[in-house]
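Inspection log for the structure reproduced underneath, given as structure tokens.
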Amino acid sequence: MSNVKVDVAQGFSLSIATIAPDKSISHRSVMFSMLANGTSEIKNFLRAEDTLNSLKIVKNLGAKVYDDGETIKISSDGIKEPFEILDCGNSGTGMRLFCGLLSSAKGHFVLTGDKYLRSRPMKRVTMPLRDIGAIFDGRDDANLAPLSIRGSSLKAFNYQSKIASAQVKSCMILAALRADGVCTYTEPELSRDHTERMLKGMGADIKVDGLKTTITPMKQLLSPLNIRIPADPSSAFFFAVATAITPDAKIVLEGVTLNETRIEAFKALERMGAIIRYELTDDKYEPIGNIHVEYAPLRAITIEDNISWLIDELPALSIAFACADGVSVVKNAEELRVKESDRISTVVDGLNACGITTTEYQDGYTVTGGILKSAIVDSDGDHRIAMSFIIAGLRCGMQVTDLDCINTSFPNFFELLQKITKVELNK
Ligand code: S3P
């Protein structure tokens, strides 16, 4: 099993232009290309396991893909019944969005994933889809993958979701585009809105009014996408935390999406005392720009609102909590338990191993800032846990095991980390 040893970091001043491209937008770019009436052009696509799996699935569904290593061109004349089982690997986004896309397509489709994904709940999409006429089967009454889908016609719906989840929302929006009438989807808190922005940019009739999205089914195919994927704020955030916990450090994270549903963790780090500045440089589908971060002593905070806006960054933010003065509190975050790992347990167990005092609750945890101690932490197959504890090592030295998962979202993570500290990687 792979492992890494990292050394304590000294102050640094860096600008990084090669943070991994955004995972959410990359998945969507290849899937949505299948709804267009021409060739979509995608630049800076995330070439990581999760998103390459989505690209492969799109090919298996009959799309024509030309990839010169820089631009991916995708055209499709409709979703075709695949010869292969469609493997989403580790990706919940891949599986849940494909459920929406395929539920109305002609044919039979089987979606599967790795052992982690096959344990994650899919009822949150298969139940509302079944309610509008979709035909799903799978273990635990279509809650667990492998899932089988028999495409069928879908009824219009007004769905009130209990979970603030962009995956569920996007799945239902994709289903609505092929339903037999105007649909509405309401969520309890606004979740990331890339699907709405991108599909609107392609000409879909989608109206957002606060928490309610109204979708008019497509009368014709959409215009092709022409997109350059910005850097992923969730990946950039590891380097923001690295900077915020290292005295005399500063960094510029270039070309990141500044979509407000994605930079809440940076706002939280700012509330803790880190010096952060946002510089808008572009605005196509999404606001895009540079994030400047500078070290300053950190203080504890409470996180209880807009959880879906920083759900992916909470493990890394917890490393900042461990280095802050006081007791930080995370509440209303039970969703963490059904991510790539049970992230409440993996964060708390990892911090405890590093000598930090924590309390665990069903929907959150507390972290008492203290002195991080070097430890051996296992990622539990979760990329964000692996990278978070590697970043903790910049304060105290650390060994982290089970690292292959990092390839699901941030393949050049170690290359960038080496600009900050000594990294001893054993494959
Ligand atoms: C994602 C939505 C979020 C996030 C995931 C990516 C997306 O999941 O955690 O990493 O691209 O739609 P939920 O919808 O389960 O909150």
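Worth a mention:
- Counting only alpha carbon atoms, the long axis of helix 23-32 and the longest principal axis of the chain meet at about 10°.
- Whole-angstrom gap from region 243-310 to region 221-241, using each part's C-alpha centre: 15 Å
- Value at 222 nm in deg cm²/dmol, rounded to 500, when DSSP H runs of n ≥ 4 in the chain each add -39,500 (n - 2.57): -8500 deg cm²/dmol
- Pairwise Cα inverse-distance average, inverted: Kirkwood Rh of region 23-216 (Å): 16.5 Å
- Taking the convex hull of the alpha carbon positions in region 209-306 and averaging its projected area over all directions gives 8.2 nm².
- Axis angle, to the nearest 10 degrees, between helix 233-244 and the longest C-alpha principal axis of the chain: 10 degrees.
- Long pairs among K169/K219; K59/K284; K43/K200; K80/K284; K123/K207; K23/K80, criterion Cα-Cα beyond 29 Å: K80/K284
- DSSP-defined beta bridges in the chain - what % are antiparallel, rounded to 5: 75 percent
- Rg and Dmax of the chain, both derived from C-alpha coordinates alone, stand at 21.0, 60 Å.
- Principal-axis tilt of helix 49-60 within the chain, Cα atoms, nearest 10 degrees: 10 degrees
- Cα-based radius of gyration for region 195-242, normalised by 2.2 N^0.38 Å, reads 1.60.
Computed from the coordinates by the stated procedures, all read-outs in this text should not be read as laboratory data. In this text, all values refer to a predicted model and were calculated from it rather than measured experimentally.
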